[in-house]
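Structure first, then comments.
The values are calculated or read from the model by the stated rules, or taken from the named source; none is laboratory data. None of these values were measured; they are calculated from a predicted model. Neighbour counts are summed over all protein chains in view; Cβ atoms, including those assigned to glycine, are modelled from backbone coordinates with ideal geometry.
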């Protein structure tokens, strides 16, 4: 029974993946740069800047692996939408708190060989470097012992600006940088700062 449920969840993910990829090709043109820097298997963290609600979807369809997403808990309050994004492999995190449960869940998935997408600045930022970098990404990277892949996104804020109810056609770019490795000697804050520097230097 459990095996059947897992297969059903995987099928839902890849059906959704292909549907959105087709929609993107028709209406949301995007370019991928540096995809060779993304590992082909195993757990790793995709660390990205955050401009738009489109960002998780665009990163997801830019990778060949099934990606897990850490999403703010308020998105799960609506049972239908919350259930939908859970099927899309998202899990909740309480913002502006040390959500130990979410951190443990991210580490569990990474150690299980699943890539996880994180936004170190937490929420959407219209201006480069405007947001405070959360040290949680450093904690997760060190405890899970996985590489971090910096991702720089441009154009999603034009395709789906804050407050917009629907997207409009606009080109986007996703650039994947070279992996960054942390060590137990690093501080969580140093790892978080280093990954953000790499994101914005791509």
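Computed quantities for the displayed model
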read-out: Flag for residue 46 being under 11 Å from the mean Cα position of the chain (by Cα), touching a residue at least 24 places away in the same chain (Cβ under 8 Å), outside any loop (DSSP other than H, G, I, E, B) and buried (at least 18 other Cβ atoms within 10 Å of the Cβ); value: yes
read-out: Qualifying positions in region 177-202 - free of Cβ contacts under 8 Å to residues at least 40 places away in the same chain, in a helix (DSSP H, G or I) and either surrounded by fewer than 13 Cβ atoms within 10 Å (Cβ to Cβ) or out of contact with any strand residue (DSSP E or B) (no Cβ under 8 Å at 6 or more places or on another chain) (or both); value: 197, 201
read-out: Qualifying positions in region 90-99 - at pLDDT 80 or above and assigned to a loop (DSSP other than H, G, I, E, B); value: 94, 99
read-out: Selected residue [surrounded by fewer than 14 Cβ atoms within 10 Å (Cβ to Cβ), within 16 Å of residue 174 (Cα to Cα) and without any contact (Cβ under 8 Å) to a residue 24 or more places away in the chain] from 35, 25; value: 25
read-out: From 110, 174, 103, residue being under 18 Å from the mean Cα position of the chain (by Cα), part of a strand (DSSP E or B) and surrounded by 18 or more Cβ atoms within 10 Å (Cβ to Cβ); value: 174
read-out: Boolean, residue 122 is modelled with pLDDT under 95, farther than 16 Å from residue 181 by Cβ and either buried (at least 17 other Cβ atoms within 10 Å of the Cβ) or under 15 Å from the mean Cα position of the chain (by Cα) (or both); value: yes
read-out: Checking residue 143 against (1) surrounded by fewer than 17 Cβ atoms within 10 Å (Cβ to Cβ); (2) over 30 Å from residue 31 (Cβ atoms); (3) in contact (Cβ under 8 Å) with a residue 12 or more places away in the chain, the condition it does not meet; value: (1)
read-out: Residue selected from region 76-89 under the condition assigned to a helix (DSSP H, G or I) and without any contact (Cβ under 8 Å) to a residue 12 or more places away in the chain, by the criterion nearest to residue 200 (Cα to Cα); value: 86
read-out: Sole exception among (1) modelled with pLDDT under 95; (2) crowded, with 19+ Cβ neighbours inside 10 Å; (3) within 27 Å of residue 42 (Cβ to Cβ) for residue 157, by number; value: (3)
read-out: Residue satisfying all of: in region 152-171; touching a residue at least 40 places away in the same chain (Cβ under 8 Å) and in a loop (DSSP other than H, G, I, E, B); nearest to residue 48 (Cα to Cα) among these; value: 155
read-out: Residue among 92, 56 that alone is more than 17 Å from residue 194 (Cα to Cα), under 15 Å from the mean Cα position of the chain (by Cα), surrounded by 18 or more Cβ atoms within 10 Å (Cβ to Cβ) and free of Cβ contacts under 8 Å to residues at least 40 places away in the same chain; value: 92
